[in-house]
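The values are calculated or read from the model by the stated rules, or taken from the named source; none is laboratory data. For clarity, every value in this text was computed on a predicted model and none was experimentally measured. Because the Cβ atoms are built from the backbone with ideal geometry, glycine has one as well, and the counts that use them run over all protein chains shown. Side chains are part of the model used for accessible areas, which takes the heavy atoms of the whole protein and leaves out ligands, DNA and RNA. Shrake-Rupley method; radii C 1.70, N 1.55, O 1.52, S 1.80 Å.
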Amino acid sequence: MGQNKEQLNKLLDFIAELAKDEDNAWFIKELGNRYGKEALPQIVRIEKYLALDFVTDTANSTIDYSFINDIVIRNQLVSDNREMMRYRYGVRSHKIDFDEFCRFAHLQAEMLVNYYYKITCVDFAAAKGRVIQYNPQAKINDNYPEIESIPYGYKIKAIVAELYPKKNGSSWFSSDGQRIYTSLSNVKDVRNMQSHRGHKEDCETFVTKYENDARTSGLPWDESKKEFKWSLIKDTPRYKMIYDSCFKEEATKYNYCKWYIQKPFDDIIIALKTLSVKTKDVLFSIPNC
């Protein structure tokens, strides 16, 4: 009687773990000797898996965290970075997994942001004041006794606003800052949605409906960019009224879902790299850091 497929997959994973030890190299060879050509494709798959996992485990972090003086924090950032890249390559689950990639990207971003405030501020009161200074919408009360307890959403908006000052009439930060904020804010939302089954399908359905409604609304719509022509809408009262009543409330969800469906791995990596470089530059400008 055939074995359960899930159990067999677990067996393969167990074999892969055994083969990581050089002392067990004979084991892969023995599989080939016993089962010949029938086993060869699976052996090749295991060897490929092990090679990729080994390279990922020993490669330098794709983000430079060498400037972090706290060795515990630095090692954790490097570890989370490697785990993130395993899900980028499909090593951990044998398939590329965007949601898990985002989870480990978020862990790095949050730890880096907390480290930034702890190093650049003399105490928690100063850190809290800095967050509020650059993000006046942050509602921080006595329920937040330390920097880690302040919601990440408040901190990431504040730190990007500080590092990327607004230009040309932008409301929060520069265009470069907006791209970084979008990536590092959205990875948090992916992490929060991981327990919701069918998130991908829900996003696809929502985006399709939103875009169909936009096309038939009579509002100026850019089909190539999949967005409203805001410069025309904001100066036309009739357009603005339609947009505000029919689309404004769902615009944030639409932008997130559109981003999620695209699975922008590289944009997230670039955002983390940029945040790391900016943090490094600031810290190096502070004496004794």
Using amide H atoms built in the peptide plane, which far-off residues or other-chain residues are under 5 Å from THR236 H to H?
none
Two-site FRET efficiency, LEU232 against SER285, from Cβ-Cβ distance with R₀ of 45 Å, rounded to 0.05
0.55
GluC sites (Glu not before Pro) restricted to DSSP loop in segment 216-274 with at most 12 other C-beta within 10 Å:
GLU223
Radius 14 Å from Cβ of PRO151, net charge of other residues (Lys, Arg +1; Asp, Glu -1)
+2
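Can you tell me the FRET efficiency between ASP244 and LYS166 if r is taken as the Cβ-Cβ distance and R0 is 30 Å, rounded to the nearest 0.05?
Values: r = 24 Å, r/R0 = 0.79.
With a Förster radius of 30 Å, E is 0.80.
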Spacing of the two label points (7 Å from each Cα toward its C-beta) at ASN141 and GLU30, in nm
6.5
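Quote to one decimal, in nm, the extra length available between ASP176 and ASP222 on full extension: 0.36 nm per residue of separation minus the C-alpha distance between them. Display every interim value, and only then the final one.
Values: separation 46, 0.36 × 46 = 16.56 nm, distance 2.21 nm.
Working it through step by step, the gained length comes to 14.4 nm.
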If amide H atoms are built 1.01 Å from N in the plane of the peptide, which residues on other chains or at least 5 residues away come under 5 Å of the amide H of THR62?
none
Within the accessible area of segment 70-174, what % is carbon and sulfur when the probe is 1.4 Å and the other protein chains stay in place?
50
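Go through 235-242, 130-137, 205-212 and give me the packing order, highest mean Cβ count within 10 Å leading. Don't skip to the end; give the middle numbers.
Working: 235-242: 12.9, 130-137: 16.8, 205-212: 14.5.
Descending packing order for the listed peptides: 130-137, 205-212, 235-242.
Can you give the translational diffusion coefficient of segment 102-241 in µm²/s, computed by Stokes-Einstein from the Kirkwood radius over Cα pairs at 4 °C and 1.567 mPa s? Before the final figure, lay out the partial values.
On the way: Rh = 17.7 Å.
D, rounded to a whole number, is 73 µm²/s.
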Potential lengthening between ASP267 and GLN194 on full extension [0.36 nm per residue; Cα-Cα distance subtracted]:
24.3 nm
